[in-house]
Amino acid sequence: MTELSRFQKDVEVAATALEMRAENEDAKEEAIHLYRKFGSTKQEPLRLAAALRGYFLEEGVEEEERAHYGAYLKKRIRPAVERLILEDEWEKIEKLYGNEWFGEQELEVFLKLAEEWRRPAALMGLLHLKKANYGFKEKKFEL
């Protein structure tokens, strides 16, 4: 099984810390805190965790802030989707794919990771995306 990179482990710690802090805040306060953290930190794992959380917040995030999160995530699509695979967050992965931020080659890599990391929801969702958009190449065997 593929070991998690140190970066992904750091993102996990940052995401957990942000979730714990959010438990004590309302949606608007959380959105403000996340955007400040996103804009001020130089630590990439914390920045990625803040961008993912902020981008997918339902309320409290201004469209301009969401656009900044999106621009950041688009440039770092692989670590972002890896994080979502680890969280088994299929719906969020589908939204990023819907933005056309990754294609068939990246999808193949993400499928392998979801399988290796044993994340069933992510794996099933990614398989569905592959089938709907690219199909499966049939191998021909001759006798």
* Structure fact -> Scanning region 69-86 for residues that are touching a helix residue (DSSP H, G or I) at 6+ places or on another chain (Cβ under 6 Å) and among the aliphatic types (A, V, I, L, M), the one nearest to Ala121 (Cα to Cα) turns out to be Ile85
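Just to verify a result, which residue in region 7-60, among those that are assigned to a loop (DSSP other than H, G, I, E, B) and under 18 Å from the mean Cα position of the chain (by Cα), is nearest to Lys74 (Cα to Cα)? Please lay out each step first, then the result.
Keep residues of region 7-60 that are assigned to a loop (DSSP other than H, G, I, E, B), which gives 23-26, 41-43, 56-60.
Narrowing further to those that are under 18 Å from the mean Cα position of the chain (by Cα): 43, 56-58.
On the way: Gln43: 18, Phe56: 14, Leu57: 17, Glu58: 19 Å.
Looking at residues that are assigned to a loop (DSSP other than H, G, I, E, B) and under 18 Å from the mean Cα position of the chain (by Cα), I get Phe56.
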* Only residues that are farther than 15 Å from Ala14 by Cα and among the β-branched types (Val, Ile, Thr): list them for region 25-44, please. => Ile32
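Looking at Glu100, Glu91, Glu82 in this structure, which one is of a type in the set (D, E, K, R), out of contact with any strand residue (DSSP E or B) (no Cβ under 9 Å at 6 or more places or on another chain), under 22 Å from Gly135 (Cα atoms) and in a helix (DSSP H, G or I)?
That would be Glu91, the only listed residue that is of a type in the set (D, E, K, R), out of contact with any strand residue (DSSP E or B) (no Cβ under 9 Å at 6 or more places or on another chain), under 22 Å from Gly135 (Cα atoms) and in a helix (DSSP H, G or I).
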* Hey, Tyr69 hits all of (1) more than 20 Å from Tyr97 (Cα to Cα); (2) in contact with a Gly (Cβ under 7 Å, 6 or more places away or on another chain) but one; which does it fall short on? -> (1)
* To do: Could you check, for region 131-141, whether at least one of its residues is assigned to a helix (DSSP H, G or I) and either of a type in the set (Ser, Thr, Tyr) or in contact with a His (Cβ under 7 Å, 6 or more places away or on another chain) (or both)?
  => no
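Read-outs throughout are calculated quantities, based only on the coordinates presented, and are distinct from any laboratory measurement. What you see is a predicted model; the values in this text were computed from it and never measured. Positions of Cβ are backbone-derived with ideal geometry, glycine not excepted, and every protein chain shown enters the neighbour counts.
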